[in-house]
Amino acid sequence: MSDLHPLRPVTAEEFEAWAGVITGTYGEDLSAEDLARERAAVELERTLGAFDGDVPVGGAAAYTRALTVPGAVLPVAGVTWVGVAPTHRRRGVLTSLMRRQLTDLHEGGEALAVLRPSEAGIYGRYGYGPASRGALLRCDKRAMDFLPGTDFGGGRIRLLGRDEARPLVEEVYERVRLGAVGWPDRPGHCWETRLADGPDERDGASALRHAVHRDPEGRADGYALYRIGQVRGEQVSAVRVMELAAVTGRAYAALWRFLAGIDLVPWIEYEGAVDEPLAHLLTDSRAVRSHEVDRLWVRLVDLPRALAGRRYAAPLEVVLQVRDDFCPWNSGRFLLRGDSEGAGCERTGAAPDLRLGPAELGAAFLGGTTLASLAHAGRVEELRPGALARASAAFRGLREPFYPGGPAFPAY
């Protein structure tokens, strides 16, 4: 395949054509402003283009990012810009791109790759597993009465313009993300995308609103980014919450009371965490309806380094038997020891306790999807009685992991 469609990084002169091929596979067109913003953010040396002659027909790229995982913050490759021209589908181009990218990441010393796929059925065959989920929430504001005694604190909320809000929003995000599994860091170019407010970003809704909460001492400790628009597919209006972050429970409650109090809009739409606390603040929890969706997918590029990089909820000593056909350097038996203070993982000749694949380890890595659930689906095999329960409990996180960004991981 590499002879038919050679793979290499794209040059600055090729970027526009390469980007057009990939966005075109999703039915999207890049404006000049979009193209300039993406070109400023992309790391050309971490791009891959598949070429037919001198014409790009597919690609993939990675951004250098950091991700909060259980007990640590680890460097990750944020995989993006993945696509193949419709004229070159089903020729092995995507498989070649994925294999080359993972090999390059491994040879470069990176342990983890993450992405948010456009389709859930694609990346499992490359060893990615769905590690976090989100809940599409639809809230009936008319039924959103808060429980008596709810502590909203003594802070205040103000609507600010983009330039005034941005440094405060960035500060709050940074405070929250260091303790929130699944949250990535956000360099400046990511904030440019997150706070972009052109017609394409609005999807028929209003301009972006920036509501910032300050505590009684005046320090920003929460925010909500939202628009006002119609419920998708219906002729009723909704507050579309694009993102909400709060350092404290008081700020969280205050922000939701503010959103519930916006006049003349009967609904709120928000994609939050699976264990979003909102329903527990209300007298009628049925005012919040939810539908789960997959969010962040994780791929262990260097298995022992990745497993040693996170922490574990309970003391763990387990031998994992792994077969990884796509990244054969990950195949073998590995002794994993860990607890809440640290971990180590190394090859071993000892008898295995669990047999599983890279996609299963990726799914469990952030502490959301449990090894026990995967075992019930026949995807993890227990070889020593009791090993599954202990490992599943140790991998589990305090809360469900959640990725707060948009449809593509590295964009924001």
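Overview of values
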item: All positions within segment 45-84 that are without any contact (Cβ under 8 Å) to a residue 60 or more places away in the chain and open to solvent by 30 Å² or more (accessible area, probe 1.4 Å); result: Glu45, Arg46, Asp52, Gly53, Asp54, Val55, Thr64, Pro75
item: Condition broken by Glu234, with the remaining ones in (1) acidic (Asp, Glu); (2) free of Cβ contacts under 8 Å to residues at least 40 places away in the same chain; (3) in contact with a Ser or Thr (Cβ under 9 Å, 6 or more places away or on another chain) satisfied; result: (3)
item: Gly154, sole failed condition from (1) more than 30 Å from Ala313 (Cβ to Cβ); (2) out of contact with any Pro (no Cβ under 6 Å at 6 or more places or on another chain); (3) open to solvent by 30 Å² or more (accessible area, probe 1.4 Å); result: (2)
item: Top-ranked residue in segment 332-371 [being buried (at least 16 other Cβ atoms within 10 Å of the Cβ) and polar (S, T, N, Q); ranked as farthest from the chain's Cα centre (by Cα)]; result: Thr370
item: Selected residue [in contact (Cβ under 8 Å) with a residue 24 or more places away in the chain and in contact with a Cys (Cβ under 9 Å, 6 or more places away or on another chain)] from Ile228, Ile268, Ile262; result: Ile268
item: Of residues in segment 106-122 being at pLDDT 95 or above and open to solvent by 10 Å² or more (accessible area, probe 1.4 Å), the one nearest to Thr370 (Cα to Cα); result: Ala111
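A quick yes/no check of all residues on (1) out of contact with any Pro (no Cβ under 7 Å at 6 or more places or on another chain); (2) closer than 17 Å to Ala180 by Cα; (3) assigned to a strand (DSSP E or B):
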{"site": "Ala251", "(1), (2), (3)": "yes, yes, no"}
{"site": "Ala254", "(1), (2), (3)": "yes, no, no"}
{"site": "Val265", "(1), (2), (3)": "yes, no, no"}
{"site": "Ile268", "(1), (2), (3)": "yes, no, yes"}
{"site": "Glu271", "(1), (2), (3)": "yes, yes, yes"}
{"site": "His280", "(1), (2), (3)": "yes, no, no"}
{"site": "Arg286", "(1), (2), (3)": "yes, no, no"}
{"site": "Ser290", "(1), (2), (3)": "yes, no, yes"}
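The values are calculated or read from the model by the stated rules, or taken from the named source; none is laboratory data. As the structure is a computational prediction, the values presented were derived from the model and not from experiment. Please note: Cβ atoms are built from the backbone with ideal geometry, for glycine as well, and neighbour counts cover all protein chains shown. The area values use the complete protein model at the heavy-atom level, side chains included, leaving out ligands, DNA and RNA. Shrake-Rupley method; radii C 1.70, N 1.55, O 1.52, S 1.80 Å.
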